[in-house]
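Each value in this text was obtained by applying a stated rule to the coordinates, not by laboratory testing. Predicted, not measured: the structure shown is a model, and the values here were computed from it. Heads up, the Cβs are rebuilt from the backbone with ideal geometry, glycines too, and the neighbour counts pull from every protein chain shown.
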Amino acid sequence: MQPQSEIHSHEHQAVPSDPVLRVKALESLLVEKGLVDPAGLDELIDTFQHKIGPRNGARVIARAWVDPAYKQRLLADAPSAIDEAGFHNQYGDHMVVVENGSKVHNLVVCTLCSCYPWLMLGLPPVWYKSAAYRSRAIIDPRGVLREFGLELAEDTEVRVWDSTAELRYLVLPERPAGSEKLTEDELAALVTRDAMVGVAKVQMPAEGGKP
Amino acid sequence: MLLLAIPFTSTCGTTTLSAPDPHVDDIRVRDLPRIPRDAGGPVFAEPWQAQAFALAVKLSERGYFTWKEWSTDLAAELKAAEDRGEPDDGTRYYEHWLATLERMVTRKGLTDIAALLVRKDAWADAYRHTPHGKPVKLTKDLVR
């Protein structure tokens, strides 16, 4: 808590910031009316902070890399394949997985707000929500990728997917060369959030490093 | 080549997208702001952001509004901030989220603006009157 006022701060509590008070007002009013359940709120926050995150998506990607039949199911019907992997989608949005290849690179954005595959990736990073990314991903995807340190070959086709509240995209990155001997768990450890949004490729760890 | 993948009509602006004009784009690209970066970073920068997030998700789950309505309103809030010339680097995202939530609950009649303001003041008073180290609680007369 940041003290907003020095007055009486020794004997009494500092008044929190404006958004803190507004959220407390909303929450206490809605809870009193029985419109939300405080335990449910805590549980949801805990889930998002500790249980959901890019690791869910990484597990699905690694499985698709080692199991071609699963990959086909994932590309054909992502919600069912993701459910099959043990991640139940309770948010009602549809998901589509798009596959990167040697000549195709997919990039995901939500141009108007920040629609994002929560169940697979957790909550979006700050840059995904920025106006710069939301506008530039469409206008200048190669420039955006370059800023993320990814230079694509001229003949690579860039496909930009605009996520919505009802339809969210997840990128199936290319399995890195030299990863043939890695186990599914080791592969999952390589898959990053950025790769599943499409602003990075999955890299093999540097020589001597463990995956 | 740039290929805009447009799935179908929906909330998040896909319908308004069109193939970019190369000449205009050269100028636009040059003036575009750089993208803020993070290294994973915290999911929520402050606890109130998590609470505001959870309130919106839970109210929608209970059917008080659809997630499509939510995204439409949030997009409008973000657009309005942009139109006011506020820098939007993503760090103020949850402030816009909170404003959208207040607008949504009052629009849906779940509470009203006056009640929110009275309750906000009550919480501020509760903080001022609670001795340091004690949990801050609303008392009956403060709630009223």
Exercise for the section: Enumerate the amide H contacts of A:Trp161 below 5 Å, restricted to partners 5 or more residues apart or on another chain; note that Pro and chain-start residues carry no placed amide H. Expected result: A:Leu107, A:Val108, A:Val109
Completion exercise
With the charge dipole of the range B:46-110 built from beta-carbon charges (+1 for Lys and Arg, -1 for Asp and Glu) about the Cα centre, the Cα from B:Trp97, B:Gly109, B:Ala52 projecting farthest to the positive end belongs to B:Gly109
Fill in the blank from the handout: A:Thr156 and A:Met204 label points (each 7 Å along its Cα→Cβ direction) are spaced in nm at 1.8 nm
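Which of the three applies to the range A:124-163, rounded, prolate or oblate, going by the alpha-carbon gyration tensor with a ≥ b ≥ c and a/c under 1.5 meaning rounded?
Details: a/c = 2.23, a/b = 1.62, b/c = 1.38.
Here the range A:124-163 falls in the prolate category.
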Fill in the blank from the handout: Lone Cys, chain A, Cβ cut-off 4.7 Å -> A:Cys113
Handout entry: Efficiency of FRET from Cβ geometry, A:Asp46 and A:Val104, R₀ 25 Å, rounded to 0.05
Key = 0.05
Handout entry: Radius 15 Å from Cβ of A:Val36, net charge of other residues (Lys, Arg +1; Asp, Glu -1)
Key = -1
Handout entry: Eligible lysines near B:Lys79 by straight Cα distance, threshold 16 Å, same-chain separation 8 or greater
Key = A:Lys129
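In peptide A:48-59, what is the residue-averaged number of other protein chain Cβ atoms found within 10 Å of each Cβ?
Working: counts 6, 4, 1, 0, 1, 2, 1, 0, 0, 0, 0, 0.
Partner-chain Cβ atoms within 10 Å, mean over residues of A:48-59: 1.
Highest mean first, what order results for A:14-27, A:122-135, A:146-159 on Cβ atoms within 10 Å? Walk me through the intermediate numbers first.
Values: A:14-27: 20.9, A:122-135: 22.9, A:146-159: 13.4.
Taking the mean over residues of other Cβ atoms within 10 Å, the ranking is A:122-135, A:14-27, A:146-159.
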Fill in the blank from the handout: Averaged over the residues of B:77-84, the number of partner chain Cβ atoms within 10 Å of each residue's own Cβ comes to 2
